[in-house]
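Worksheet for the structure shown next.
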Amino acid sequence: MYIFKTSLRYFSDKIKSTNKMVVPMICPKCGTENEEGILFCENCDWRMDIPYVAKKEGGEKAKIFAPITFVLGIISAVLLYFFPVGSIVFGGAGLLLGGYAFNISRAYEAKEKNIFIALSAIGLLLSMISFIMGFGGLL
Ligand SMILES: [Zn+2]
């Protein structure tokens, strides 16, 4: 790891001297002050020239949409027993939202991202099964 970081510093120094690239010294992710011209943060290895805002926003959406997908999946599965049309409606909504929730959960940069990936995956699976079985219940 030390050799890797040293060689990275060597290359970032080279880029700095040849291209005169302007790199911010304060890490956009963790706020650590780094040496001038460094490409990766000393503390968290974030690339210094990439802003950190976009993925945080995705995380806020994942916190909302992954649990909703999970709930939609549960509702559509429960409705299978007495109201198959409801399973098709809620399962269809879970399928539409689930794909989106799964993708933003995967892009989410945080330790708890696996919780939201699991919630949206389970919700997506339940929605899909209930959606198909709901049509079966109508026949
Ligand atoms: Zn950092």
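The values are calculated or read from the model by the stated rules, or taken from the named source; none is laboratory data. Note that the structure is a prediction, hence the values are computed from the model and not measured. We place every Cβ from the backbone using ideal geometry, glycine too, and count neighbours over all the protein chains shown.
Here is a yes/no grid of residues against (1) in contact with a Gly (Cβ under 9 Å, 6 or more places away or on another chain); (2) touching a residue at least 24 places away in the same chain (Cβ under 8 Å); (3) not assigned by TED's automatic domain parsing to the domain that holds residue 25:
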{"residue": "40", "(1), (2), (3)": "no, yes, no"}
{"residue": "71", "(1), (2), (3)": "yes, yes, yes"}
{"residue": "89", "(1), (2), (3)": "yes, no, yes"}
{"residue": "93", "(1), (2), (3)": "no, yes, yes"}
{"residue": "97", "(1), (2), (3)": "yes, yes, yes"}
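Report the residue count in the stretch 90-113 for those that are buried (at least 17 other Cβ atoms within 10 Å of the Cβ) and assigned to a helix (DSSP H, G or I).
13
Give me a count of the residues in the stretch 33-47 that are over 18 Å from residue 110 (Cβ atoms) and modelled with pLDDT of 85 or more.
8
How many of the residues in the stretch 44-89 are assigned to a helix (DSSP H, G or I) and not aliphatic (A, V, I, L, M)?
Here the count works out to 17.
Report yes if some residue within the stretch 16-27 is at pLDDT 85 or above and within 14 Å of the ligand (Cβ to nearest atom); otherwise report no.
Within the stretch 16-27, one or more residues are at pLDDT 85 or above and within 14 Å of the ligand (Cβ to nearest atom).
How many residues does the stretch 51-82 hold that are under 9 Å from residue 134 (Cβ atoms) and at pLDDT 95 or above?
Taking the stretch 51-82 first, the residues under 9 Å from residue 134 (Cβ atoms) are 76, 79-80.
From what is left, the residues that are at pLDDT 95 or above are 76, 79.
Residues flagged as under 9 Å from residue 134 (Cβ atoms) and at pLDDT 95 or above within the stretch 51-82 amount to 2.
So which residues in the stretch 73-87 are in contact (Cβ under 8 Å) with a residue 12 or more places away in the chain and among the β-branched types (Val, Ile, Thr)?
Result: 74, 75, 85.
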